[in-house]
Amino acid sequence: MKYDNITRAVFLSRPNRFIAEVEIGGQREKVHVKNTGRCRELLIPGSEVWLTAPGTAGRKTKYDLVAVRKEDGVLFNIDSQAPNKAVSEWLKGQGFSRVVPEYSYGDSRVDFYMEKEPDGSGRCLMEVKGCTLEIGGIGYFPDAPTLRGVKHIRELIRAREEGYRAILAFVIQMEGVTEVRPNRNTHPEFADAMEDALKAGVEVVFFTCRVRPDSMEITGIRPKKL
């Protein structure tokens with residue numbers, strides 16, 4: 001998952017969850033933040049950030065803010081669309097006979113539907129979550145309450161009960177972290193739903209990534225096999 005162009009900037013402030021103010025070459029500019037989470041431990045005044053310019057006509061902002069370097073030196077990709085793009089690229093090399101993104105199931109759109117057998121058996125649903133919160137070397141999700149996330153987990157539980165293989169996948173958008181735990185303090189309902197999912201046989205996997213200012217690539221998975 002690579003960005004066509006990248007620009008370094010300095011983070012100044014975040015007036016709301018969609019907009020940030022940054023400094024580029026001595027000039028103050030408003031940019032779009034591609035993550036509606038809080039990111040409070042990342043977007044700190046003075047932090048080094050990276051922007052991409054999609055070039056879409058009619059935009060109010062020229063740039064999207066997609067990465068930030070934490071004060072400890074670790075680089076984080078905070079683009080909420082990057083996890084699905086990275087997983088889509090990764091799935092192409094995993095031997096599935098069919099991969100369908102944004103698959104309609106129940107009242108939701110699940111991120112991926114996969115089949116591994118030529119006859120269409122081995123049905124699998126995967127919901128992808130991007131992790132950008134790290135505390136003490138452990139990833140946590142979510143960093144803000146997510147009713148949508150709870151709904152998706154409940155759909156995976158139902159899918160498992162109906163005979164699907166169901167996977168909740170966390171893409172770790174930083175290096176040096178290999179697991180993600182539910183952030184009970186921020187959203188107890190999500191933590192409860194994740195516990196229910198594990199009891200129901202939903203698989204939880206963690207994708208590790210190589211993160212650069214202009215790219216994010218999946219490097220491994222725990223457990224080791226899909």
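The values are calculated or read from the model by the stated rules, or taken from the named source; none is laboratory data. Since the model is a prediction, treat every value here as computed from it, not as a measurement. Neighbour counts run over all protein chains shown; Cβ positions are idealised from the backbone, glycine included.
Annotations for the structure displayed:
- Filtered by the rule that a residue be farther than 23 Å from L147 by Cβ and in contact with a Leu (Cβ under 9 Å, 6 or more places away or on another chain), segment 7-28 gives T7, R8, A9, F11, S13, A20, E21, V22, E23, I24, R28.
- Cβ-Cβ contacts under 7 Å between residues 6 or more apart (or on different chains), taken from a first residue in segment 1-12 that is farther than 19 Å from K30 by Cβ to a second residue that is assigned to a loop (DSSP other than H, G, I, E, B), are listed as K2/D214; Y3/D214.
- All of F170, F190 fail the test of being within 14 Å of the chain's Cα centre (by Cα) and surrounded by 14 or more Cβ atoms within 10 Å (Cβ to Cβ), apart from F170.
- Flag if E48 is surrounded by fewer than 16 Cβ atoms within 10 Å (Cβ to Cβ) and of a type in the set (D, E, K, R): no
- Among residues of segment 207-226 that are modelled with pLDDT under 95, those with a beta-carbon under 9 Å from a residue that is assigned to a loop (DSSP other than H, G, I, E, B) and crowded, with 16+ Cβ neighbours inside 10 Å at least six positions away or on a different chain give the pairs L226/F96; L226/K116.
- Residue within segment 6-17 that is touching a Cys at 6+ places or on another chain (Cβ under 9 Å) and modelled with pLDDT of 95 or more present: yes
- For segment 69-124, the tally of residues that are in a loop (DSSP other than H, G, I, E, B) and either within 18 Å of R160 (Cβ to Cβ) or of a type in the set (A, V, I, L, M, F, W, C) (or both) stands at 9.
- Against the test of being among the β-branched types (V, I, T), surrounded by fewer than 23 Cβ atoms within 10 Å (Cβ to Cβ) and in contact (Cβ under 8 Å) with a residue 12 or more places away in the chain, the options T56, T36 yield a single qualifying residue, T36.
- Candidate set: segment 193-225, residues that are in a loop (DSSP other than H, G, I, E, B) and in contact with a strand residue (DSSP E or B) (Cβ under 7 Å, 6 or more places away or on another chain); chosen: the one surrounded by the fewest Cβ atoms within 10 Å (Cβ to Cβ): P223
- Subset tally (residues that are among the small types (G, A, S) and either in a helix (DSSP H, G or I) or under 13 Å from R109 (Cβ atoms) (or both)) for segment 148-163: 2
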